[in-house]
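This report concerns only the one structure given below.
Nothing in this text is a laboratory measurement; each read-out follows from the coordinates by a stated rule. Owing to the predicted nature of the structure, the values given are computational and were not obtained by experimental measurement.
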Amino acid sequence: MSTAVLFVMTFGVAVAGMFARAGSLPAAAHQKSEATEVKIDNFSFGPAELKVSVGTTVTWTNRDDIPHTAVSTDKTFKSKVLDTDEKFSFTFSKPGTYEYFCSIHPKMTGKVVVQ
Ligand SMILES: [Cu+2]
C-alpha cells in the first residue's frame, strides 16, 4: 500500500471523525430543543407515543393525502381538519399523559407524555 493511499485513508477517517463529533452536537442540542414533530401518514401518528419535557411545542404535520385531525381525549387540544402538509402546534405547559386521536378516523390514536 502506498504512503499516499495510507495518508488519504487516515485523513478520511480523521475527517469522518470530525463530522461525527460535529454531528453529535446538534443532536444533543436537539434533545433540549423546545419543538418536536409528529407526522401523520398512512392513517397513523408517528411516533405514536412521544415523550417531551414541560414547555415543549409539538407540531403535527399531515403527510397523508387524506385529511386528519389531532384531538386530545380530555380536550386539552383540538386541531382543525388538517389537509395535506398542513400543521397544528400545541405547547404542553403541564406534565401528564395526553392521549389523542383523529376525530375523522377515531381508530388513529397517539399519546404525548409530558414530564
Ligand atoms: Cu384521520
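Taking amide hydrogens as placed 1.01 Å from N in the peptide plane, the amide H of Leu82 sits under 5 Å from those of His68, Thr69, each at least 5 positions away in sequence or on another chain. Counting only residues at least eight positions apart within a chain, or on another chain, the aspartates and glutamates with an alpha carbon under 15 Å from that of Lys87 are Glu37, Asp41, Asp64, Asp65. Cross-link partners for Lys107 among the lysines, with Cα-Cα distance under 20 Å and sequence neighbours closer than 8 places in the same chain left out: Lys39, Lys75, Lys78, Lys80.
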